[in-house]
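Data first, discussion second: the structure below is written as structure tokens.
The values are calculated or read from the model by the stated rules, or taken from the named source; none is laboratory data. Owing to the predicted nature of the structure, the values given are computational and were not obtained by experimental measurement. Here the Cβ positions follow ideal geometry from the backbone for every residue, glycine too, while neighbour counts run over all protein chains shown. The accessibility values were calculated without ligands, DNA or RNA, using every heavy atom of the protein model including side chains. Shrake-Rupley method; radii C 1.70, N 1.55, O 1.52, S 1.80 Å.
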Amino acid sequence: MDRVVYDRMAAHDTTHWWYRARREILSDFLAREAKLPAHARILEIGCGTGHNLPMLASYGDVDAIEIDEAAAAKASERLGKQVGSAPLPELDGVEPGSYDMVAVLDVVEHVEDDVAALQAIARALKPGGKVLITVPAHQWMWSAHDVVNHHKRRYSKASLARALDAAGLRPHKLGYFNSLLFPVAVAARFAGRLMGKDDSDDSPPPKPLNAVFEKIFGLERHLVGRVPLTPGLSLIVLATPK
């Protein structure tokens, strides 16, 4: 990702509606669906500034990987131990069969060979282990935001399912989220295209609007994994080895 993306993440990951509500949604989803053992070993790959690590730590003992040095330093402070560096798809230094869950949250879309990345992630799992994956949805939503984030692709449900199958993973609860605000996002995206507006700046909106968006997005914590949602900005899946 461009340096500015990491800088904005560090500045806003505790206040931006998207980060805050997404953590609530992921936490509720894990509580209902993951069924992790006590003292589970968890690895987050591509943890960025570490904003998800405290949430994940409520489910077990967490390790993390981040290839950007400045972001990894911030994440290490939050985790209380050193964050490693092991790029996908190689994952050098990650011991096979060592984790009950691997979280890759908006990461796989950054990797050229997503199937090889998913295969490497699957090898890191203990028997019965799980992979929690989120990715951006809908290739037709491609914009400057994807460019500065160095995305290789956005996914459909079918394309993500194909990648998982090719990697030897079975999807569980594959579906959309960030659906309630999707019409707003589509309207803003197409209005921006018509006006030639660059949407790569994902700084939070004014506080009142930020609070409204957080409240609306956060409502999905009651829905994700329970009912199929209409198309959204993102896809989520909990996958297991076949």
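Sequence-distant contacts, meaning Cα pairs under 8 Å at least 6 residues apart, place the relative contact order of segment 54-174 at 21 percent. Taking the dipole about the Cα centre of the chain, with the C-beta of Lys and Arg at +1 and of Asp and Glu at -1, give me whichever of PRO87, ALA187, VAL227 is farthest to the positive side. Ranked along the dipole, the leading option is VAL227.
Which Cα, out of GLY175, VAL5, LEU125, lies furthest along the positive dipole direction of the chain (beta carbon charges, K/R +1, D/E -1)? Toward the positive end, the furthest listed residue is GLY175. The share of accessible area on segment 70-224 that comes from carbon and sulfur is 58 percent, using a 1.4 angstrom probe. Entry comment: accessible area of segment 72-191 is 43 Å² per residue, from protein heavy atoms only and a probe of 1.4 Å. Considering only beta bridges that DSSP places wholly inside segment 110-242, some 95 percent are antiparallel. Separation of segment 204-242 and segment 21-59, taken as the distance between their Cα centroids, equals 15 angstrom. Charge dipole of the chain (Cα centre as origin; +1 on each Lys and Arg Cβ, -1 on each Asp and Glu Cβ, all else neutral): 960 debye, rounded to the nearest 20.
Starting from the residue with the highest accessible area, list ASP100, ASP13 in decreasing order, probe 1.4 Å. If you can, show how the numbers build up before the last one.
Values: ASP100 25, ASP13 0 Å².
These residues rank, largest area first, as ASP100, ASP13.
For the chain, return all DSSP H helices satisfying: extent of Cα atoms along own axis at least 18 Å; mean Kyte-Doolittle hydropathy at least 1.0. Provide the component values of the computation, followed by the final result.
Numbers: long enough: 17-33 (24 Å, -0.82); 182-195 (20 Å, 1.14).
Answer set is 182-195.
Checking every one of the trypsin sites (Lys or Arg not before Pro) in segment 108-187 against DSSP loop status and a limit of 16 other Cβ atoms within 10 Å picks out LYS152.
Quick one: which of LYS152/LYS242; LYS126/LYS207; LYS215/LYS242; LYS35/LYS157 span more than 32 angstrom between C-alpha atoms? Listed pairs above 32 Å: LYS126/LYS207; LYS215/LYS242.
Can I get the semi-axes of the chain's equivalent ellipsoid? Compute them from the C-alpha gyration tensor as square roots of 5 times the eigenvalues, in angstrom, largest first. Walk me through the intermediate numbers first.
Values: eigenvalues 141, 79, 68 Å².
The equivalent ellipsoid of the chain has semi-axes of 27, 20, 18 Å.
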